[in-house]
Amino acid sequence: MNDSVDSFTDAAEFGDVASYAWWRDSHPDGFVLALRARHPPLLHRSACRDVDPDRHPGRFTAKGRRHLCSERKSVLREWLIRELPDENSLLARCPKCEP
């Protein structure tokens, strides 16, 4: 059985709040990589309040913000290394949800 991980297909990014919220709700054990302008990427558990669009509606739509989702932390790390090589050493973990 081949259990290979492809960071381009196993990571999801949503263009609208409803799709993103659905993913978070349907993947309670997943992870979200918050990409923020002028800040290092921040890894969260999908259930973290800081990446909940109902609690913080402006964070999803703010300029320079992206949220990349996956069931595996390793997929998000690999994506970061491939897509933003200058940022990979700066990956921070949320102190609230401790992913």
What is the packing order of peptides 21-27, 54-60, taking the mean over residues of other C-beta atoms within 10 Å and listing the highest first?
21-27, 54-60
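Taking the Cα centre as origin and putting +1 on Lys and Arg beta-carbons and -1 on Asp and Glu beta-carbons, what dipole magnitude results for the chain, to the nearest 20 debye?
Here the chain has a charge dipole of around 540 debye.
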Describe numerically, in nm with one decimal, the distance between label points set 7 Å from Cα along Cα→Cβ at H56 and at A18.
2.4 nm
Protection proxy ranking, peptides 34-42, 72-80, average beta carbon neighbours within 10 Å, highest first
72-80, 34-42
Taking region 12-93 and dividing mean pair separation by its residue count, relative contact order in percent (alpha carbons under 8 Å, at least six apart)
34 percent
Other residues with Cβ under 14 Å from the Cβ of R24 give, with Lys and Arg +1 and Asp and Glu -1, a net charge of -4
To make sure I understand, if each residue's beta carbon is the centre and we count other beta carbons within 10 Å, what order do E13, E98 fall in, fewest to most?
E98, E13
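Taken together, the values in this text are just the output of simple stated rules run on the coordinates, not laboratory data. Note that this is a predicted model, so its numbers are computed, not measured. Neighbour counts are summed over all protein chains in view; Cβ atoms, including those assigned to glycine, are modelled from backbone coordinates with ideal geometry.
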